[in-house]
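Peer 1: Take this structure first; my questions come after.
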Amino acid sequence: MTIRLSDVRILYLNELRSALRERSIVMNSIFLPIFLYPVLLWLVYTGMSFVAGQTEGFASRVALLAFSNEQRVFKIDLERDPRLEVKTSNDPLADIRNGDLDLMVEILPPAGEAARLTGNFRVRLTYDNSKDRSRMARDRIAERLRLYRDRYLEQEAGKLGLTPAQLQQFWVETNNIATERQMGQFILGLMIPIFLIIMVAVGSMHPAIDCTAGEREKSTWETLMTVATSRVNIVAAKYLYVSTMAAVAGILNLAAMMFSMKSVLAPLLGERISTFSFGIPLRSIPLIIAVTVLLAFFISAGMMILASFARTYKEGQATVMPFYFAIMMPVMFLQVPGLEFTPALAAIPVVNICMVFREAVAGVYHWPMIAITLAVETGCIFFSLWLAATILKYEDFILGSYGGSFGKFFKERLLPGRGKRGGRA
Amino acid sequence: MSEPVEVRGLAKTFYDENRGEIQAVKAVDFECREGEIFGLLGANGAGKTTTLRMLATILAPTAGSATILGHDVTAEPAAVRRKLGFFSASTALYPRLTARETIEFFARINQYPSDQVLKRVGYLVERFGLASYADARIEKLSTGMKQKVSIARTVAHDPPLLIFDEPTVGLDVLNALEMQEVIKEFRNQGKTIVFSTHIMSEAEKLCDRIAIIHGGRILACDTLEKLRQATGARYLEDIFVHYVKSL
Amino acid sequence: MNWRIVRLLLANELKMLVRDRRTVVVSIVLPVFIMPLMLLGTRFVQERRADSLRRVTYKYSIAGAEAKKARALVEKAREIASQLPEEGDGDRKSDLADFKFEEVRTDDPEGDLKAKKIHFYLEALSGEEADALAHEEARKQQAEEQEGERPDPLRPVRVAGVPLIRIHFQGDQDESNAGRGRVQRLLAGVRRVRSEEILRGRGFPAEPKQIVEVESRSLATPGQVSGSFVGRFLTFFLFMLMLSGGSVVAMDSIAGEKERGSLETLLTTAARRAEIVAAKQLSILAVALGITFIQVANILVYLTFKVIELPKDFVIEIPPAAVLTLLLLYTPVAVLVASVLLMVSAYAKTYKEAQFYFFPVNLVCLVFALASVLPGVSLRSAIAVVPLANVSVAVREVMVGKYDWPMIALTFLVMALTSFGIARASTRMLSKERLITASESDVADLEGGASLFSKHVLRWYALLWAVMFAVAANIPQLATFRRQLLFNEIVIFLGAPALMIWKYRLNWRDALALRGVNPMAWIGVLLSIPSGHLVGIGVFRLANIFVPVSERVLEQFSRSILPGDVPLWQLFFFLSVLPAVCEEIGFRGTLLYGLRRKFRPAALALVVGTVFGLFHVALFRIIPTGFLGVILTAIALLTGSIFPGMVVHAGNNAFGVWAGLQEFPLGRLDWWIYVAAGIVFALSFYIVYRNRTPYPGLRAPRR
């Protein structure tokens, strides 16, 4: 059996065309990667503006207790703050519990040596830690108190002959010398691998099932087996097609991430991020695409092998699910910064790709590790292809009359030392 | 005494977004007499299935009325369904139930007296020769076996009226012949049978009376003999073409 | 309802599910194992990270004129590191005590930092240098943006003349970042300790922290605090479990049966449709609850074996009354889940299609379930009538021990009615012929052209929406309001319809509804401009009660669309004429044309209006613009022409601009004015209605 490229091409284009007319494939391989981020972004933005509208409107309702003339300045501070609403209450504790009041500010006499300071006092804040508004009120009052304390201390220090500058001694500021681009790449590097791998997996799942189990269900499988070309060509075409869809999903997603990440993250990470730039170094792009394509080939092979044991679309989904989870699991753990790309990590399929992505986005290239990664992934692909070729030698499998699962097939026919049943083609 | 099936001005209109209203069945009238096989003969898309589905209360008629053994299909659908068995190529079985479970399920759900269900199931398993695979899941059975289980489930509750919608579609000669035999046997048991087909020979062989349906209308309805006399044609095929062409 | 039949059907459903080994494994067994694996894996990785950050010896160097003083401070920090009281939670206490740092002498600290030879460096500036730097920065900021954020008056600032230590670090390097954080906290500690020493040295009679000493006490018990945290996510969490659990059977339940043909078999049995739906709903319910139960038990097992660790003062107190109330609240949720899933399944023709709908439905429901996360929302508000959101909020209240019985009863009632309504809809769905006779091939695909356009039109607009969004966020040249507006109007609302007309070979007169109008109708059209605008503002104010808008956002918005330096004619052109022409072509032109047969007139106006609203992106604009969109669509439907809509749209916008320029407080009028405007508006619509020349080719209203 030899591969005839012209046949593969015809078959491949046919698969691709019918895929582009299938709603769930178009949705998962093309629309989802493109639209996910803008929609997510919009939802986050909308949610944030809703919450902002909600919280900003709240004036914290506080009751002031036992204030005397000495705390007049502090009281005026509180009354002037537009975010606070001073209320009177007959039973503040009950009101706080009911949620009619957020906080009670109670003045207590100062204790110990601090009592010797004129104008000093203690404050007791009573609130309800299980209520958002109450907690917010506490934070607002605490802020005012700190300000008042600083001013008081400054005055007292002044009386002792200390200038404010002397009291402050020195000031600490931080300065991030990483460029906006570097910060953007840092964040992208953390997020890209996981999304990319999910998208490649999702993008390949539906085509893989559709062109194996789905064909069985629609009974087009047999039609295809009767055409005048070798089965290797058919399988090669299908494999190329699934890998194409997977790679397209991955690359579209990458582009969509770069375009919308900034706005998606802005409301989450605050104002500063709006200066970050989410670009990927140009010279990394060939590497990233190459690795994405390898990943697509690997995942597609796995999905197709498993899905080809199913007879219906639904069964196909159930059979590929464990593989899907198996790919996802390691990726989930890798979302911590500061992970080093060691040969051990480079030897684990999918994980190594994650690491290559992360570094390539930041413009870092550990060539030996990249070489190991490429070798490992290529090895995986060849192993999968060998497995597929072996499976395809069985006639009952090709005709769709084999009823078992992949596990059963593996145990019965692929493990060495077992009797070869089922008749090879 | 009224007839088991009486259909008066029955019509069905579908709505399609792009084409607007589509009249699948346009005011048909016919009746079936007790113990006869009544055939609806028509090409694909003539309105056979839609008519039968309305009789089986799967679809609600847009206009007109139909009564089955005295029950109106719109007013008392549940009563209608208790008294009929509906069989078509598209009424599938549950793949994960066994043959025996399937028959039992349909007998019970159609409210066959519960103390007699098991006896009935045993009888049907016997009658249709299902004994050797009665406890295998349907998904493991061959097409012919499934066919038999399907018939058994149709009559699981021993209904007086049976509707067969193109029952031999996709069957091989032997299975199709057996199906015809079974239908005849049901008639001999005194059941009334409504039967649709586009195969002329089948209608010729089986039906006591034939209605020719085309474009949602019944063009003629009588015994084969009377149709021959009316058209002067010998074969049903010619009779059919005669009516369709005369439109 | 014959319960014997329901029971029979239910037993049948469950039997078939259990026999489907693959589904059982994938949806029940797999998640049970995956959850602990994920938790353990995440914990392992995180612990390793913390560990490695702890073991690092952070290298730094010190530069600047005051390097010597800074070095002394760092030495001081080294001495006091282990005694520093930790701010915030106590868990992190150890990391300052273990903090190992080592100075590296270098001439080029920045170069070394970039080359990763050191983790961070301190630059010590004298008071004058710091002042100069601050001055420079302020000037730069002023040059860049006129309207900088006002500085927060409550934030502490550097006093002029005070020396400055700048910690330079590399934010994209984990270790550099961690080192920076630690040294920052150390220096803050040193400053605190030293200022106490200074004050004491001058004879200050007390410790500074005793001034205005604050003592906080919370009335909430630890149980309530934990409860408020758990209550916030409980509904979301359980709802998600129920949804994913229920979907295992639901997708297959009606859609799958339809696909396999067994639904038709079932429909010809004596079982009524209501009984079939009830049985299926019960089976979804049973499975959803079963899987939820297994998963919750699973989590409890991990909690017991400490695979998941809870914060120290985490106490869950759920008294029997709360358990009962939670049961009372979650029962209708489970029923609702089953109803919704069943309806999706009943609506879809195939298993695949059901899955396809499942995702968006899921998303929408989860948004409602998250209502409890919103701060300050009380059940005693409009939220009590929003299904699911009400349960979410009610549960949070119950978890902190607040039982608002009348509102809980209302919540229960609303949920029960909703579930019932949806279940009824599913029952009706089983009678819909299109779902049973799904075999008719889609003619649109054969015919192409206009009928294919109807199928694709919503997809086109989804794409446009995404383009509009992505472009605005990423192309800096379009960052200004006016350029963005020009892009949206010309490219999106004018260009895209032209492309659609060309691609689907539409008749452009029909597609854009370029038709004459009954002259009498114009009176109504003109009358509706000011009244409609006022009614719109009334709607906005009403909406504002439920979806309050931050004043700042509104202010920013009106500043950005009404910049002071633009000539008047330009203002009216950009904000009134241009949007009116382009947007009408985009929405009341091609969109309306594409959808005209998909919905009946009332729904059509609603859909086109909603899409129009969604294109205005910001939450606070969606409702009022959506309202305007509905009106404009209604006018287009009544007059059969695009022109009255253009006039109303232009007039409406111009009215708004004029009021904005005059600073006329349209948004603060008395309510009766809006009501009066509403009456005039209704009258204007009546005039249009009486002189209508309806849009051709619509679907007939429901008979």
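The values are calculated or read from the model by the stated rules, or taken from the named source; none is laboratory data. The shown structure was predicted, so the numbers you read here are calculated from the model rather than taken from an experiment. Heads up, the Cβs are rebuilt from the backbone with ideal geometry, glycines too, and the neighbour counts pull from every protein chain shown. For the accessible areas, the whole protein counts, side chains as well, though only heavy atoms, and no ligand, DNA or RNA atoms are used. Shrake-Rupley method; radii C 1.70, N 1.55, O 1.52, S 1.80 Å.
Peer 1: Inspect segment C:319-332 for any residue being modelled with pLDDT under 85 and open to solvent by 50 Å² or more (accessible area, probe 1.4 Å) and give the result as yes or no.
Peer 2: Yes, segment C:319-332 has at least one match.
Peer 1: So, in segment C:1-16, how many residues would count as being within 14 Å of chain A (Cβ to nearest Cβ) and in contact with a Ser or Thr (Cβ under 7 Å, 6 or more places away or on another chain)?
Peer 2: 0
Peer 1: Is it true that some residue in segment A:67-86 is touching an Asp or Glu at 6+ places or on another chain (Cβ under 6 Å) and farther than 18 Å from residue A:142 by Cα?
Peer 2: No.
Peer 1: Could you check segment A:179-223 and list, in sequence order, the residues that are modelled with pLDDT of 85 or more and assigned to a loop (DSSP other than H, G, I, E, B)?
Peer 2: Hits for segment A:179-223 are A:211, A:212.
Peer 1: Within the bounds of segment A:160-178, is there any residue that is in a helix (DSSP H, G or I) and within 30 Å of residue A:292 (Cβ to Cβ)?
Peer 2: No.
One line per residue, one yes/no per condition, for (1) assigned to a helix (DSSP H, G or I); (2) on the phi < 0 side of the Ramachandran plot; (3) touching a residue at least 40 places away in the same chain (Cβ under 8 Å); (4) open to solvent by 20 Å² or more (accessible area, probe 1.4 Å):
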residue: A:328; (1), (2), (3), (4): yes, yes, yes, no
residue: A:332; (1), (2), (3), (4): yes, yes, yes, yes
residue: A:352; (1), (2), (3), (4): yes, yes, no, no
residue: A:364; (1), (2), (3), (4): no, yes, no, yes
residue: A:374; (1), (2), (3), (4): yes, yes, yes, yes
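Peer 1: Output yes when any residue across segment C:350-360 is without any contact (Cβ under 8 Å) to a residue 60 or more places away in the chain and part of a loop (DSSP other than H, G, I, E, B), and no when none is.
Peer 2: No, every residue in segment C:350-360 fails to be without any contact (Cβ under 8 Å) to a residue 60 or more places away in the chain and part of a loop (DSSP other than H, G, I, E, B).
Peer 1: Kindly provide the set of residues from segment A:296-312 that are open to solvent by 10 Å² or more (accessible area, probe 1.4 Å), within 14 Å of chain C (Cβ to nearest Cβ) and at pLDDT 85 or above, ordered by number.
Peer 2: Passing the criteria: only A:306.
Peer 1: Determine whether segment C:166-176 contains at least one residue that is closer than 17 Å to residue A:175 by Cβ, open to solvent by less than 50 Å² (accessible area, probe 1.4 Å), more than 9 Å from chain A (Cβ to nearest Cβ) and assigned to a helix (DSSP H, G or I).
Peer 2: no
Peer 1: So which residues in segment C:106-123 are within 11 Å of chain A (Cβ to nearest Cβ) and either assigned to a helix (DSSP H, G or I) or acidic (Asp, Glu) (or both), if there are any at all?
Peer 2: Those that are within 11 Å of chain A (Cβ to nearest Cβ) and either assigned to a helix (DSSP H, G or I) or acidic (Asp, Glu) (or both): C:109, C:110, C:111, C:113, C:114, C:123.
Peer 1: With the condition being outside the structural domain of residue A:137 (by TED's automatic domain parsing) and under 30 Å from residue A:132 (Cα atoms), I'd like the helices (runs of 4 or more DSSP H) fully within segment A:1-87 carrying at least 1 qualifying residues.
Peer 2: Answer list for segment A:1-87: A:32-57.
Peer 1: Additional query: Read through the list (1) touching a residue at least 24 places away in the same chain (Cβ under 8 Å); (2) assigned to a helix (DSSP H, G or I); (3) open to solvent by 10 Å² or more (accessible area, probe 1.4 Å); (4) more than 10 Å from every other protein chain (Cβ to nearest Cβ), then give the number of the only condition that residue B:139 fails.
Peer 2: (4)
Peer 1: While we're here: May I ask you to list the residues in segment C:571-589 that are open to solvent by 30 Å² or more (accessible area, probe 1.4 Å) and small (Gly, Ala, Ser)?
Peer 2: none
Peer 1: Can you pull out every residue in segment A:125-176 that is of a type in the set (Val, Ile, Thr) and either open to solvent by 30 Å² or more (accessible area, probe 1.4 Å) or within 7 Å of chain C (Cβ to nearest Cβ) (or both)?
Peer 2: Scanning segment A:125-176 gives A:126, A:163, A:172, A:174.
Peer 1: Report the residue count in segment A:362-397 for those that are modelled with pLDDT of 85 or more and under 20 Å from residue A:285 (Cβ atoms).
Peer 2: Residues in segment A:362-397 being modelled with pLDDT of 85 or more and under 20 Å from residue A:285 (Cβ atoms): 9 in total.
Peer 1: Restricting to segment B:181-240, name every residue that is open to solvent by 10 Å² or more (accessible area, probe 1.4 Å), of a type in the set (Phe, Trp, Tyr) and closer than 30 Å to residue B:22 by Cβ.
Peer 2: B:240
Peer 1: Still on this structure, please answer the following. Please tell me if residue B:230 is free of Cβ contacts under 8 Å to residues at least 24 places away in the same chain, among the aliphatic types (A, V, I, L, M), in a helix (DSSP H, G or I) and on the phi < 0 side of the Ramachandran plot.
Peer 2: The answer is yes for residue B:230.
Peer 1: Take the residues of segment A:95-124 that are acidic (Asp, Glu) and either surrounded by 23 or more Cβ atoms within 10 Å (Cβ to Cβ) or assigned to a helix (DSSP H, G or I) (or both): which is nearest to the other protein chains (Cβ to nearest Cβ)?
Peer 2: A:113
Peer 1: If I ask for residues that are modelled with pLDDT of 70 or more, open to solvent by 50 Å² or more (accessible area, probe 1.4 Å) and under 22 Å from residue C:254 (Cα atoms), which ones from segment C:426-466 would you list?
Peer 2: Scanning segment C:426-466 gives a single hit, C:428.
Peer 1: Hey, another quick one. I need the helices (runs of 4 or more DSSP H) fully contained in segment C:213-279, keeping only those with at least 1 residues that are under 30 Å from residue B:154 (Cα atoms), open to solvent by 20 Å² or more (accessible area, probe 1.4 Å) and more than 8 Å from every other protein chain (Cβ to nearest Cβ).
Peer 2: Fully inside segment C:213-279 and qualifying: C:222-251, C:257-260.
Peer 1: Taking segment C:377-391, which residues are under 17 Å from residue C:234 (Cα atoms) and either more than 9 Å from every other protein chain (Cβ to nearest Cβ) or more than 17 Å from the chain's Cα centre (by Cα) (or both)?
Peer 2: C:378, C:379, C:387, C:388, C:389, C:390, C:391
Peer 1: Looking at segment C:397-404, is at least one residue open to solvent by 10 Å² or more (accessible area, probe 1.4 Å) and touching a Gly at 6+ places or on another chain (Cβ under 6 Å)?
Peer 2: Looking for residues that are open to solvent by 10 Å² or more (accessible area, probe 1.4 Å) and touching a Gly at 6+ places or on another chain (Cβ under 6 Å), one finds at least one in segment C:397-404, hence yes.
Peer 1: So is residue C:29 touching a helix residue (DSSP H, G or I) at 6+ places or on another chain (Cβ under 8 Å) and without any contact (Cβ under 8 Å) to a residue 40 or more places away in the chain or not?
Peer 2: Against the criterion (touching a helix residue (DSSP H, G or I) at 6+ places or on another chain (Cβ under 8 Å) and without any contact (Cβ under 8 Å) to a residue 40 or more places away in the chain), residue C:29 does not qualify.
Peer 1: Sticking with this structure for a sec: Can you tell me which of (1) within 13 Å of chain C (Cβ to nearest Cβ); (2) in a helix (DSSP H, G or I); (3) out of contact with any Leu (no Cβ under 6 Å at 6 or more places or on another chain) is the one residue A:339 doesn't meet?
Peer 2: Just one mismatch for residue A:339, condition (2).
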